[in-house]
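Written out below as structure tokens is the structure these notes cover.
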Amino acid sequence: MGHVRVDLNISLDGYATTTDQTAEDPIGQDWNRLVAAYLATRTMQERVFGQPGRGTTGIDEKYAAAYFEGIGAEVMGAGMFGLHLHPDDPDWQGWWGPNPPFRVPVFVLTHEKRPSLTMEGGTVFHFVQSSAEETLQLARDAAGDRDVRIGGGIRTVRPFAAAGLIDRLHVAIAPILLGRGENLWADLRGFEGGYSVATEVAESGTIHVTFSR
């Protein structure tokens, strides 16, 4: 059985979601600032933007490449898939175009019942209405011996963290202050207990902190 992993981008003050979105800019400029160093890496340029051979190759790239290694299934919330902006839209297929970067089964936690959605490259979105534990079991069954990643957002990650279900939590702390949004560490006082902690600073100023069981 593989491990349960989380990889998140957060601000110096612990926020991993932003609040400056508008109808004209549904992602928001704060989000672009939060993930700028990660999206600039060679791995993300290829996976997300279809631009192989471009991008940075330093410490941020090391973590971006590891993001996809060994993953057999993914869990995400309805917000990460974009259902909050496209309620009752049967044609909405997520943010990533016809060939999403996941390339594994993805279990989307939502109150909205939808048929499974098969995309290019091996990504299949399954829409589930179940608890963290039940969803994790579905993902484990799909992943086999490979790892399961809890992909976000924060409201999705926090129940898994609170229940002690995460084996490895990696946060890429961008050197910016957001001051508002969803805070990863809310109600997780003492989370570091039972984990070994490693820290590495990238050329971009991003601080990579990894909690490993």
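Counting only Cβ charges, +1 for Lys and Arg and -1 for Asp and Glu, the dipole size of the range 4-212 around its Cα centre is about 260 debye. Each Lys or Arg adds one and each Asp or Glu takes one away; over the other residues whose Cβ falls under 13 Å from the Cβ of H208, this sums to -3. Here the calculated FRET efficiency for L12 and S131, from their Cβ-Cβ distance with R0 = 35 Å, stands at 0.60, rounded to the nearest 0.05.
Mean-square fluctuations from a GNM of the chain, with a 10 angstrom spring cutoff on Cα atoms, peak among W95, W31, W185 at W95. The Kirkwood hydrodynamic radius of the range 19-98, based on inverse pair distances between different Cα atoms, is 14.5 Å. Beta bridges from DSSP with both residues in the chain: antiparallel share about 40 percent, rounded to the nearest 5. Values (i) 17.0, 59; (ii) 16.5, 47; (iii) 16.4, 44 are given for comparison; Rg and Dmax of the Cα atoms in Å, derived from the coordinates here, is the one labelled (iii).
Extending 7 Å from the Cα toward the beta-carbon at both D167 and F49 defines two label points whose distance is 3.3 nm. Here each label is just a point 7 Å from Cα along the line to Cβ, and for A66 and N99 those points are 2.7 nm apart. Taking other C-beta atoms within 10 angstrom as a stand-in for reagent exposure, R140, R189 fall in the order R189, R140, fewest first.
Using only Cα coordinates, the Kirkwood hydrodynamic radius of the range 132-177 works out to 11.9 Å.
Bear in mind these aren't lab numbers, they're just calculated from the coordinates by the rules spelled out. Remember, predicted model here, so these are calculated numbers, not experimental data. Using ideal geometry, Cβ is built from the backbone for each residue, glycine included, and neighbour counts are taken over all protein chains shown.
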